[in-house]
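What follows is a short report on a single structure.
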Amino acid sequence: MKILNRYFLRQLIAIFIMLMVILTGLAWMMQIMSMMKFLLKYGIDLGSFLGLTALMIPFIASIIVPFVCFIAVIFIYNKLIADNEVTVMAASGLSPYQIARPAIILGTVLMLLNLVLNIWIVPRSQALFYDTQWNLQYGMAHMKLQESAFTEISDGLVVYVDKVSGHDLSQVMLSDMRDENSPSTIFAERGKLVSTVRGLSLVMTNGALQSMGNHTVTGTFETFDMDLNVVDKDGNSSFRVRRIPTSSLLQVAFDAETKKQHKMILTELCNRFFSPIMNLILALLCVTILLRSSLLRRRASFAPMVAVASMATVMAIYMSVSNIIGSMTEFLLLGFGLILLLIILFMVLSKK
């Protein structure tokens with residue numbers, strides 16, 4: 001029996017790794033294409049850009065692992081059934097549960113790995129992703145001022161600098177046309193680039209300002225702080241549950257500021273704690289349908305289609321329910337329902 005388990009597991013692991021690499025690579029390429037604006041608009045170097053998009057790989061993997069597990073199980077077991085290997089094993093006295101044990105082992109291992117991925121790795125990588133993205137888009141990383149040249153920082157905002165020494169500037173001229181009704185021009189002897197919570201700012205000293213709107217205003221200043229860009233309203237300042245550590249997420253689940261945030265937190269908790277269970281559920285669902293139809297009814301040609309339809313139904317129900325959960329009671333009921341489904345599948349598979 002150990003030899004058969006190793007034989008099945010080798011095939012399952014091989015096809016799983018191959019599919020995982022292919023599908024993760026495709027999803028990563030799509031992520032690269034969708035974020036190409038960072039490479040073109042902000043002048044980010046290729047290494048930083050690839051590093052940024054690579055931070056999405058753990059999140060991508062956490063989503064597709066259950067589906068890849070199901071595909072690997074249905075591919076290998078359907079192949080074994082078609083080659084009559086399962087029939088021979090059943091004739092030698094092995095039960096459906098014993099034949100399904102490699103798939104159960106794979107589903108259990110992937111469930112634990114996916115749980116670790118969801119609870120620890122994904123939140124950290126997502127936090128790093130959003131921080132890096134914000135810095136590339138609004139921080140010092142993308143700011144490259146040229147000496148004795150006009151630099152357009154954003155639409156309607158142009159800066160001229162005579163000399164640049166790190167973040168220190170000298171002889172600065174800034175033209176701010178972002179507000180068409182109140183354009184302004186600023187001259188300063190010195191300036192310094194500073195990264196703040198608002199975005200990138202230019203702190204200027206010993207200068208003059210001219211603003212034209214309904215009335216023309218001119219004046220001098222010793223120190224003047226100018227925001228160089230507007231922070232993305234859906235970016236760093238927004239409520240992003242994926243980047244919050246799991247321990248903190250559990251705490252704020254009871255102290256959410258709005259009902260919408262509360263639902264977002266509960267949905268994210270479902271994804272972190274319950275989505276990994278789908279690895280084992282889908283693996284059990286697949287082998288139960290394939291083996292029962294093959295060993296009991298002797299008509300397995302329709303079994304793969306039934307297994308795929310059942311997988312789609314279970315995932316659709318799970319995703320729909322997890323997205324409408326509005327209280328911790330419903331959250332716990334969903335967890336109980338998934339455990340109950342696991343018990344039912346084990347009972348059906350083990351039934352003689």
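The values are calculated or read from the model by the stated rules, or taken from the named source; none is laboratory data. Model, not experiment: these values are computed from the prediction. Note that each Cβ is placed from the backbone with ideal geometry, even for glycine, and that neighbours are counted across all protein chains shown.
The residues of segment 194-225 that are modelled with pLDDT of 80 or more and within 18 Å of LEU145 (Cβ to Cβ), listed by number, are LEU202, VAL203, MET204, THR205, GLY207, PHE224, ASP225.
Listed here are the residues, each with its yes/no results for (1) in contact (Cβ under 8 Å) with a residue 12 or more places away in the chain; (2) hydrophobic (A, V, I, L, M, F, W, C).
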position	(1), (2)
PHE16	yes, yes
VAL21	no, yes
ALA27	yes, yes
ILE32	yes, yes
MET36	no, yes
LEU40	no, yes
PHE49	yes, yes
THR53	yes, no
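Scanning segment 60-95 for residues that are farther than 30 Å from ASN271 by Cα and either under 37 Å from the mean Cα position of the chain (by Cα) or not assigned by TED's automatic domain parsing to the domain that holds LEU345 (or both) turns up LYS79, LEU80, ILE81. Taking each residue of segment 113-138 that is assigned to a helix (DSSP H, G or I) and looking for partners that are acidic (Asp, Glu) with beta-carbon atoms closer than 8 Å, six or more apart or interchain, yields TRP134/ASP232; GLN137/ASP232; TYR138/ASP232.
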